[in-house]
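What follows is a single structure, written as structure tokens, with notes after it.
What follows is calculated from the coordinates using simple rules that are stated; it is not laboratory data. Being a predicted model, the structure only gives us computed values, none of them experimental. Ideal geometry is used to build each Cβ from the backbone, glycine not excepted, and the neighbour counts take in all protein chains shown.
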Amino acid sequence: MSEASPCLNCGACCSHFRVSFFWGECASSGGTVPDELVVQINPTRVAMIGTDQKPVRCCSLEGEVGKGTSCSIYAQRSSTCREFEASWHEGVQNVDCDAARAAFGLAPLEMPFELDLPISA
Ligand code: SF4
Ligand code: SF4
């Protein structure tokens, strides 16, 4: 049985960073991200609508940050979203995850117990 993702009651990164990626990831270019959900930010890149402004909030984020959130285009999300991992996923800290959470008053995710270094004799 796997543990639930910590992202399901967070969503901070989707409300903190500009989420940009190559326009070729848009559906009209053979990718997956719906074109109507992005804004062009330069000749080669687009950003999720809502993340290129202040306050930041991706147009595809549903729910309340820190309570319960989901992505309405999860299966179609960009590589930028897919490659952004929660801290300690596969044992690697993600300081950007920590920073996004901090911006909403959420504590950084803790290193899982099994990753603690053994105490030498
Ligand atoms: S800030 Fe970290 S824990 Fe929160 S949704 Fe993003 S990756 Fe997940
Ligand atoms: S597309 Fe989904 S995963 Fe990516 S920033 Fe928006 S809500 Fe978050």
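Quick notes on this structure:
- Filtered by the rule that a residue be touching a residue at least 40 places away in the same chain (Cβ under 8 Å) and within 20 Å of Cys10 (Cβ to Cβ), the range 66-78 gives Gly66, Lys67, Gly68, Thr69, Ser70, Cys71, Ile73, Ala75, Arg77, Ser78.
- Here Asp35 meets each of (1) away from ligand 2 (no atom under 13 Å from the Cβ); (2) under 19 Å from Ala100 (Cβ atoms); (3) not hydrophobic (A, V, I, L, M, F, W, C) with one exception, condition (2).
- Considered as a group, the residues in the range 2-25 that are outside any loop (DSSP other than H, G, I, E, B) and within 13 Å of ligand 1 (Cβ to nearest atom) include one that is surrounded by the fewest Cβ atoms within 10 Å (Cβ to Cβ), and that residue is Leu8.
- Of residues in the range 52-107 being among the basic types (Lys, Arg) and within 14 Å of the chain's Cα centre (by Cα), the one nearest to ligand 2 (Cβ to nearest atom): Arg77
- Failed item, numbered, when Val39 is tested on (1) within 12 Å of ligand 1 (Cβ to nearest atom); (2) in a strand (DSSP E or B): (1)
- Residues of the range 26-36 satisfying the condition of being surrounded by 12 or more Cβ atoms within 10 Å (Cβ to Cβ) and either in contact (Cβ under 8 Å) with a residue 40 or more places away in the chain or part of a loop (DSSP other than H, G, I, E, B) (or both): Ala27, Gly31, Thr32, Val33, Pro34
- Test: residue in the range 44-65 that is within 26 Å of Pro108 (Cα to Cα), within 9 Å of ligand 1 (Cβ to nearest atom) and touching a residue at least 60 places away in the same chain (Cβ under 8 Å): no
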